[in-house]
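Peer 1: Take this structure first; my questions come after.
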Amino acid sequence: MRKFFENLELILTAAGLLVIFAVHWIFQQSEHPWALTAATAIAVGVLHGVIFWIVRTRQRRIRQRTLEDAERMLKDIVNNQLCVIIFAADMHKKDQMPFKTAHAHITSSVTAIHGMLDNLSEESLNLWKLKYKRGLPPEPSGSN
């Protein structure tokens, strides 16, 4: 099924051409076979346009939702790591944490942020969604 959707444009174009040629072949003995063929080609073209518009609109919506999810994920991860950095810096200021330990926490957090940005993918987004499945805010109701 995946191959079908990956090649949807080619499959629909081939099917449309088959329909056009079939109509011409079936009605070749009629009075105006080319007029019927032209009308069929126009109908196939309009149908293709509608189908492609629907598919592209759906792809845009999915892409937009994915970007919104990625933005939420990055905000969550970066904010968590920034809290660690602030905590480590505050503890060092209060002389409750030695400089080397605070520096290690800060470096670790910066490395985690850097690693997440370098490895951002659909898989990492899906793992994050699974991890925080119940903690995610509800999706806006008009985004289908």
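The values are calculated or read from the model by the stated rules, or taken from the named source; none is laboratory data. On a predicted model such as this, the values are computed, not experimentally measured, just so you know. Note that we place each Cβ from the backbone using ideal geometry, even for glycine, and neighbour counts take in every protein chain shown. To get the accessible areas, we keep the full protein, side chains included, count just its heavy atoms, and leave off ligands, DNA and RNA. Shrake-Rupley method; radii C 1.70, N 1.55, O 1.52, S 1.80 Å.
Peer 1: Do you know which residues across segment 61-76 are open to solvent by less than 40 Å² (accessible area, probe 1.4 Å) and in contact (Cβ under 8 Å) with a residue 60 or more places away in the chain?
Peer 2: The one that is open to solvent by less than 40 Å² (accessible area, probe 1.4 Å) and in contact (Cβ under 8 Å) with a residue 60 or more places away in the chain: Asp69.
Peer 1: Hey, can you tell me all the residues within segment 25-60 that are surrounded by fewer than 14 Cβ atoms within 10 Å (Cβ to Cβ), free of Cβ contacts under 8 Å to residues at least 24 places away in the same chain, in a helix (DSSP H, G or I) and not aliphatic (A, V, I, L, M)?
Peer 2: Trp25, Trp34, Gly49, Trp53, Arg56, Thr57, Arg58, Gln59, Arg60
Peer 1: Residue check: is Asn126 surrounded by 10 or more Cβ atoms within 10 Å (Cβ to Cβ) and modelled with pLDDT of 75 or more?
Peer 2: Yes: the conditions hold for Asn126.
Peer 1: I'd like the full set of residues that are at pLDDT below 70 and not in a helix (DSSP H, G or I), limited to segment 82-104.
Peer 2: Across segment 82-104, the qualifying residues are Lys94, Asp95, Gln96, Met97.
Peer 1: In segment 10-24, what residues are open to solvent by less than 90 Å² (accessible area, probe 1.4 Å) and within 22 Å of Arg56 (Cα to Cα)?
Peer 2: Ile11, Leu12, Thr13, Ala14, Ala15, Gly16, Leu17
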